[in-house]
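Here is the structure we will look at.
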Amino acid sequence: FLFVLGGILTGSVWADVAWGRWWGWDAKETMSLVTLLVYTVLLHVRIFAKDKGRITAILSIVGVVSMVMTWFGVNYLVRGSLHSYV
């Protein structure tokens, strides 16, 4: 919930003020969406499929890797992005 509120919603409001668009398919925005979708699937699997085993563990690992890629990987590995420092 905090990722959606703090990362996606307030980030899109800030982007609209700063760049005149709320979503632009930039690498950071896309990876944020991927991270959101991974954790949404993880929560749905845990709640509705009642799985607390291997699938949950795999989705947790994919979610952590996706979040690290969102925070650091896009900034330092992707060139030509609005959020890249390279």
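Some values worked out for this structure:
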| read-out | value |
| --- | --- |
| The chain, relative contact order in percent, only Cα pairs under 8 angstrom and at least six apart counted | 27 |
| Solvent-accessible area, 1.4 Å probe, carbon plus sulfur percent, for the chain | 73 |
| GNM flexibility winner over the chain from VAL68, VAL13, VAL38 (Cα, springs under 10 Å) | VAL13 |
| Prolate/oblate/rounded label for the chain (Cα gyration tensor, a/c 1.5) | oblate |
| Heavy-atom surface of the chain, accessible at 1.4 Å and reported per residue (Å²) | 70 |
| Loop-located trypsin sites (Lys or Arg not before Pro) in the chain whose Cβ has at most 11 other Cβ within 10 Å (DSSP) | ARG21, LYS50, LYS52, ARG79 |
| Label-point separation in nm, TRP19 to ARG54, each point 7 Å along Cα→Cβ | 4.1 |
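The values are calculated or read from the model by the stated rules, or taken from the named source; none is laboratory data. The model shown is predicted, which means the values in this text are computed figures rather than measured ones. Cβ sites come from the backbone with ideal geometry, for glycine too, and all protein chains shown count toward neighbours. Each accessible area value is taken on the protein alone, full model and side chains, heavy atoms only, with ligands, DNA and RNA left out. Shrake-Rupley method; radii C 1.70, N 1.55, O 1.52, S 1.80 Å.
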